[in-house]
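Chemist: Sending over a structure as structure tokens; questions will come in a sec.
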Amino acid sequence: MPDPRSYFVKTFGCQMNVYDSERMAELLEAEGHTQAASAEDADIVVLNTCHIRERASEKVYSEIGRLKHRDGPKPIVAVAGCVAQAEGAEIVRRAPAVDVVVGPQAYHRLPDLIARAKERPVETDLPTLEKFEALGKRRKAAPSSFLTIQEGCDKFCTYCVVPYTRGAEVSRPAAAILEEARRLAGEGAREIVLLGQNVNAYRHDRTDFAALIAEVAAIEGVARIRYTTSHPADMTDALIDAHRTIDKLMPYLHLPVQSGSNRVLKAMNRSHTAETYLAIIEKLRAARADMAISGDFIVGFPGETEAEFEDTLAIIRAAHYAQAYSFKYSARPGTPAADMDGQIDEDVKSDRLHRLQALVQEQQLAFNRAALGRTMPILLERPGKRDGQLIGKSPWLQSVYVDAGSTHIGDIVTVEIEGAFANSLAGRIAFAEAA
Ligand code: 5AD
Ligand code: SF4
């Protein structure tokens, strides 16, 4: 075993990176390393990076710069995740402060790579399920815990780097997933969030995604199930039906549409249209009337006209979102859209983004206001800013602030909603027992 040292894993990007970071922390703890309070104090700093938009990768290089100029002894710096995969050896050339580069499919080799830091190893093999089998030291599970069940993507949307950085679509065996879910439940998880770039495309042998959800729902101690991210093309009738039949499956779905213009959707190589997307939402709401929908939007895709952008506003009005994430198109080297004609001015993108976000804010606020005066079960997840305050989640993924009283993180309590804002709710605990 190497000398015990302190480590800090800093996560950028999506929830799958949050999950990977947790696994890397477990592996480092198995080596005897202990978690530092911040990157500033750690002997080993792992930057788990995101490459999805240009800004995301820029942040990594500025973080490396900060570490380089840190006071005291220099830490071992490992760059993990999608920037590591996309840029590989280029990172060790460009950034002398970096000692280790490890892609998202190879993080199980991190302890070994850190031991060989002097050689500045670069490990970017793709793809494998091997990493999931690497066992670290168990840590207490969060009340809402992530569980990656599927990785990679074969969809090749023309703007997106994921198929290149995460590799081809691979599903983990159901037995391994169920074992991990049971372990998480045993360590205090009440909610399991099933993760994948294309989570609803999950299939392993004869188990499809709807069947997997049913099996997770049968695990004692699991009270809530969520999943993200889904592609409209894989929204099967069986999955839609699961929202009607499985109570533990929360009435919330993140279903990115990206654009409301069929011409733009085609140029993006999305396999759905505005109409087929809205038809899925209609089916979901027929299966479960209170289904909350969230989405992702890209504005200023190459060639997007003002009229096409307005089609995106129109689909937002038609879908009634509970939440939405929106981005200016950002050209990613190596993707087809980066070389398309008709790249849009930054000013135009900014203007469209503001208009879209104003509409989404309105819908979000309306959605939250509809909760006023209602009582709902809230899973208490973390402390709030004020003393005695806790933050939990409603079934519809709204953040809810409450005064804890005698309740604890991990409890599911019945809350009466008394305040509604654009990004959160506030309420009063009506019953402390599980609802
Ligand atoms: N530019 C802007 N947004 C992007 N996304 C993915 N690639 C890009 C890009 N090149 C957005 C999509 C996706 C979300 C995770 O990030 O909306 O759903
Ligand atoms: Fe990227 Fe499209 Fe795959 Fe989502 S479905 S990860 S946007 S290529």
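Chemist: Among residues other than Gly427 whose Cβ falls under 15 Å from its Cβ, what is the net charge (Lys/Arg +1, Asp/Glu -1)?
Modeler: Net local charge, Gly427 excluded: 0.
Chemist: Let me understand segment 6-127 better: what is its radius of gyration from the alpha carbons, and its Dmax, in angstrom?
Modeler: That works out to 12.7, 38 Å for Rg and Dmax.
Chemist: How big is the gap, in Å, between the Cα center of segment 343-397 and the Cα center of segment 21-73?
Modeler: If we compute the Cα centre of each part, the gap is 29 Å.
Chemist: Just want to confirm a number: the relative contact order over segment 6-127, from Cα pairs under 8 angstrom separated by 6+ residues, in percent.
Modeler: Result for segment 6-127 is 23 percent.
Chemist: Report, for the chain, the % of DSSP beta bridges that are antiparallel, rounded to 5. Write down the numbers at each step before the final one.
Modeler: On the way: 24 of 65 bridges.
Taking every DSSP beta bridge with both residues in the chain, the antiparallel ones total about 35 percent.
Chemist: Here is a follow-up. Using only the Cα atoms, what convex hull volume per residue in Å³ does segment 375-431 have?
Modeler: In segment 375-431, the Cα hull volume divided by residue count equals 70 Å³.
Chemist: At a threshold of 8 angstrom on Cα-Cα distance, excluding pairs fewer than six apart, so keeping six or more, what relative contact order does segment 375-431 reach in percent? Don't jump to the answer; show the numbers that get you there.
Modeler: Numbers: 132 pairs, mean separation 19.6, N = 57.
Worked out over segment 375-431, it gives 34 percent.
Chemist: How much of the calculated P(r) for segment 130-369 lies past 23 Å, in percent of all Cα pairs?
Modeler: Summing the P(r) of segment 130-369 above 23 Å gives 53 percent of all pairs.
Chemist: Add +1 for every Lys or Arg and -1 for every Asp or Glu among the other residues with Cβ under 11 Å from the Cβ of Gly405, and state the total.
Modeler: Values: positive: Arg428; negative: Asp403, Asp411.
Taking every other residue near Gly405 into account, the sum is -1.
Chemist: Give me the one-decimal nm value for the distance between modelled label points at Lys74 and Ala134, 7 Å along each residue's Cα-to-Cβ direction.
Modeler: Label-label distance for Lys74 and Ala134, simple model: 2.4 nm.
Chemist: For a Förster distance of 22 Å, can you work out the FRET efficiency between the beta-carbons of Ala307 and Ala358, rounded to the nearest 0.05?
Modeler: Efficiency, rounded to the nearest 0.05: 0.70.
Chemist: With contacts defined as alpha carbon pairs under 8 Å and 6 or more residues apart, what's the relative contact order of the chain in percent? Don't skip to the end; give the middle numbers.
Modeler: Details: 924 pairs, mean separation 42.2, N = 435.
10 percent.
Chemist: With each label point set 7 Å from Cα along the Cα-Cβ vector, what nm distance links Leu365 and Glu40?
Modeler: Between Leu365 and Glu40, the label points sit 3.7 nm apart.
Chemist: Something else: Determine one quarter of the surface area of the Cα convex hull of the chain, which equals its mean projected area, and express it in nm² to one decimal.
Modeler: The directionally averaged projection comes out at 21.1 nm².
Chemist: Scan the chain and hand back the longest stretch that contains none of the GluC sites (Glu not before Pro) lying in DSSP loops with at most 15 other Cβ atoms within 10 Å.
Modeler: 221-432
Chemist: Around Asp296, under 13 Å between beta carbons, what's the net of Lys plus Arg minus Asp minus Glu among the other residues?
Modeler: Working: positive: Arg53, Arg270, Lys328; negative: none.
The answer is +3.
Chemist: Under 17 Å from a point 7 Å along the Cα-to-Cβ line of His408: which residues of segment 171-185 have their amide N that close?
Modeler: Taking a point 7 Å out along Cα→Cβ of His408, the residues of segment 171-185 whose backbone N falls under 17 Å are 185.
Chemist: In whole angstrom, note down how far apart the Cα centers of segment 197-270 and segment 126-193 are.
Modeler: Computed from Cα coordinates, the inter-centre distance equals 15 Å.
Chemist: Turning to a different aspect of this structure: Given Phe209, Ala30, Ala181, which one lies farthest toward the positive end of the charge dipole of the chain, if we put +1 on the Cβ of every Lys and Arg and -1 on the Cβ of every Asp and Glu?
Modeler: Highest projection toward the positive end goes to Ala30.
Chemist: Shifting gears a bit: List the cysteines in the chain whose Cβ has no other cysteine Cβ under 4.7 Å from it.
Modeler: Result for the chain is Cys14, Cys50, Cys82, Cys153, no neighbouring Cys Cβ within the cutoff.
Since every read-out is calculated from the coordinates, none of them should be taken as a lab result. None of the values given here were measured: they were computed from a predicted structure. Please note: Cβ atoms are built from the backbone with ideal geometry, for glycine as well, and neighbour counts cover all protein chains shown.
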